[in-house]
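Read through the structure below, which is laid out as structure tokens, and then see the notes.
The values are calculated or read from the model by the stated rules, or taken from the named source; none is laboratory data. The shown structure was predicted, so the numbers you read here are calculated from the model rather than taken from an experiment. Here Cβ is always computed from backbone atoms with ideal geometry, including for glycine, and neighbour counts include all displayed protein chains. These accessible areas exclude ligands, DNA and RNA; they are computed on the full protein's heavy atoms, side chains included. Shrake-Rupley method; radii C 1.70, N 1.55, O 1.52, S 1.80 Å.
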Amino acid sequence: NSRRRSAIALLLVYLPLPLLGRGLKVRVVVKIVHRVNNDYFVTSTKPKRKLSHKMCYTVFQTNQGWMALVASQTGIVAATLPQTTRRQALDLLGEKAKQADFAPDALSSLTRRFQDYYSGKKTAFPDALDFSGATEFQKQVWQAAQQIPHGETRSYGWIAKQIGKPRAARAVGQALGKNPFLVIVPCHRVIAGDGTLGGFGCGLPAKQKLLKLEKTTKS
């Protein structure tokens, strides 16, 4: 288990100070420095704003490596594939992580299911997804890909037919290449019509690894 240590680095205060007859507010922000193993990261304790798009994230270990997740109040925003280090996983979230609060408890159910998945267990991901920023076509493609059963594959052409655009197989591939919900939306299960792997945004070795994992999955 990861060992976590936290220390308060600064204090958040608002002090009204008179300056030349005018009030000056000095703002010092509280920062909590967290230590997980030998990796350090910082979160803010400034008051949380109640916004519908407020996000949270977590980073955790599976037996395949470190993963990161980010979610909004609407649903999952992004999920990474396992990486060698915690920092690599977090970096894949990019700006999304910077806009979110570190809240592992809020994503504990999904975390456990990903750990089960990468341990070789058949796992369901019925989680709500946040499609903010996606085109309607991308949304249709990703939702169609979710219909592909664990351990099976379908072609890009099959997806195109499912969404009522049978000639859009190439565009389907492009939409799958922008899928931020890796494994939850199983774009790795979509292959070329001739049975070859086709493409994969994270590289064909990663696609092969996921398909192999699912072929040997235990119920």
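The figures follow:
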quantity: Dipole magnitude of the range 113-199, debye to nearest 20 (Cβ charges: Lys/Arg +1, Asp/Glu -1, about Cα centre); calculated: 200
quantity: The range 175-219 versus the range 112-170: alpha-carbon centroid distance in Å; calculated: 10
quantity: Arg113 accessible area, assembled protein chains, probe 1.4 Å, Å²; calculated: 50
quantity: Semi-axes of the equivalent ellipsoid for the range 89-219, Cα gyration tensor, largest first, Å; calculated: 24, 19, 13
quantity: For the range 154-219: rounded, prolate or oblate by the Cα gyration tensor [a/c cutoff 1.5]; calculated: prolate
